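A.B. asks: Mind looking over this structure? Questions follow.
The values are calculated or read from the model by the stated rules, or taken from the named source; none is laboratory data. Model, not experiment: these values are computed from the prediction. Here the Cβ is made from the backbone with ideal geometry for all residues, glycine too, and neighbour counts use every protein chain on show.
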Amino acid sequence: MLVRQAITADAQRIGEVHVLYWRTGMADYIDAAYLEGLKARDVTMQWLRSLASPIHADTLVAEEDGRVVGLIDFGINRNELGFDVAEIYGLYVDPDSWNQGIDVALLDAAQLHLAETGFRSAIVWALADHERRLHFYEDHGWLPDGVNEWHTSGAQVTRYSRQL
């Protein structure tokens, strides 16, 4: 597996992985109507605009046999916590590639990149009821910091943080 910087040519596959992950991995936690509203074409166009923008967040992809199988998107936090606090915006792996350590490789690479570029800590939001994902973050040094919000999907999310 190769972890590398995403490029605009990856946008279509990133959009597909994004939607596959949400529809499969979030089906038990998110309203079905919200998930049905996620269209690969729309999400792909969002990713294309993001990747083509000179001020886009950092996006890394995991590639196997020339095919993108996962991604992580990260940058400065959106919660006005200071310029030394980063945020993981999204971590998505194709369901066909789950349980192969791809999420770990992407998270490790992002954390290293963030630390090397001067961030001291990072946050990530996770669905409050998604115990598997919460345990994943906890197993990798992230801790809940007591902040909860409502996601646009209507699900409650909890914020995790860690030092880099």
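A.B. asks: Pairs, please: C-beta under 7 Å, at least 6 apart or cross-chain, first residue farther than 15 Å from residue 139 by Cα and in region 95-111, second assigned to a helix (DSSP H, G or I)?
C.D. replies: Close Cβ pairs (under 7 Å, with a partner that is assigned to a helix (DSSP H, G or I)) amount to 95/20; 95/21; 95/24; 95/25.
A.B. asks: Being assigned to a strand (DSSP E or B) and aliphatic (A, V, I, L, M), is that true of even one residue in region 33-56? Spell out how you get there, then give the answer.
C.D. replies: As a first pass, look at region 33-56 and keep what is assigned to a strand (DSSP E or B): none.
Checked against the condition, which is being assigned to a strand (DSSP E or B) and aliphatic (A, V, I, L, M), region 33-56 yields no hits at all.
A.B. asks: Report yes if residue 161 is among the polar types (S, T, N, Q), touching a residue at least 12 places away in the same chain (Cβ under 8 Å) and either under 15 Å from residue 25 (Cα atoms) or in contact with a Phe, Trp or Tyr (Cβ under 6 Å, 6 or more places away or on another chain) (or both), otherwise no.
C.D. replies: Working: among the polar types (S, T, N, Q): yes; touching a residue at least 12 places away in the same chain (Cβ under 8 Å): yes; either under 15 Å from residue 25 (Cα atoms) or in contact with a Phe, Trp or Tyr (Cβ under 6 Å, 6 or more places away or on another chain) (or both): no.
No; evaluated as a whole, the condition is false for this residue.
A.B. asks: One residue is enough: does region 31-46 have a residue meeting the conditions among the aromatic types (Phe, Trp, Tyr) and either within 24 Å of residue 100 (Cβ to Cβ) or touching a His at 6+ places or on another chain (Cβ under 8 Å) (or both)? Give the steps one after another, and end with the answer.
C.D. replies: In the first step, residues of region 31-46 are kept if they are among the aromatic types (Phe, Trp, Tyr); the result is 34.
Those left that are additionally either within 24 Å of residue 100 (Cβ to Cβ) or touching a His at 6+ places or on another chain (Cβ under 8 Å) (or both): none.
Taking every residue of region 31-46 in turn, none turns out to be among the aromatic types (Phe, Trp, Tyr) and either within 24 Å of residue 100 (Cβ to Cβ) or touching a His at 6+ places or on another chain (Cβ under 8 Å) (or both).
A.B. asks: Which one of 43, 69, 19, 85 is among the aliphatic types (A, V, I, L, M) and either surrounded by fewer than 19 Cβ atoms within 10 Å (Cβ to Cβ) or in contact with a Pro (Cβ under 7 Å, 6 or more places away or on another chain) (or both)? Before the answer, list the steps.
C.D. replies: Values: 43 fails: either surrounded by fewer than 19 Cβ atoms within 10 Å (Cβ to Cβ) or in contact with a Pro (Cβ under 7 Å, 6 or more places away or on another chain) (or both); 69 fails: either surrounded by fewer than 19 Cβ atoms within 10 Å (Cβ to Cβ) or in contact with a Pro (Cβ under 7 Å, 6 or more places away or on another chain) (or both); 19 fails: either surrounded by fewer than 19 Cβ atoms within 10 Å (Cβ to Cβ) or in contact with a Pro (Cβ under 7 Å, 6 or more places away or on another chain) (or both).
Step by step, each of 43, 69, 19, 85 is checked, and only 85 is among the aliphatic types (A, V, I, L, M) and either surrounded by fewer than 19 Cβ atoms within 10 Å (Cβ to Cβ) or in contact with a Pro (Cβ under 7 Å, 6 or more places away or on another chain) (or both).
A.B. asks: Give just the number: which of (1) modelled with pLDDT under 95; (2) at negative phi does residue 115 not satisfy?
C.D. replies: (1)
A.B. asks: A further question follows. Quick one: how many residues across region 116-133 are over 11 Å from the mean Cα position of the chain (by Cα), of a type in the set (A, V, I, L, M, F, W, C) and farther than 13 Å from residue 155 by Cβ?
C.D. replies: First, pick out the residues of region 116-133 that are over 11 Å from the mean Cα position of the chain (by Cα): 116-123, 127-133.
Keeping just the survivors that are of a type in the set (A, V, I, L, M, F, W, C) gives 119, 122-123, 127-128.
Subset that is farther than 13 Å from residue 155 by Cβ: 119, 122-123.
Counting residues in region 116-133 that are over 11 Å from the mean Cα position of the chain (by Cα), of a type in the set (A, V, I, L, M, F, W, C) and farther than 13 Å from residue 155 by Cβ gives 3.
A.B. asks: Give me the residue from region 54-81 that is of a type outside the set (Phe, Trp, Tyr) and under 12 Å from residue 123 (Cα atoms) and, out of that set, modelled with the lowest pLDDT.
C.D. replies: In this case the residue turns out to be 79.
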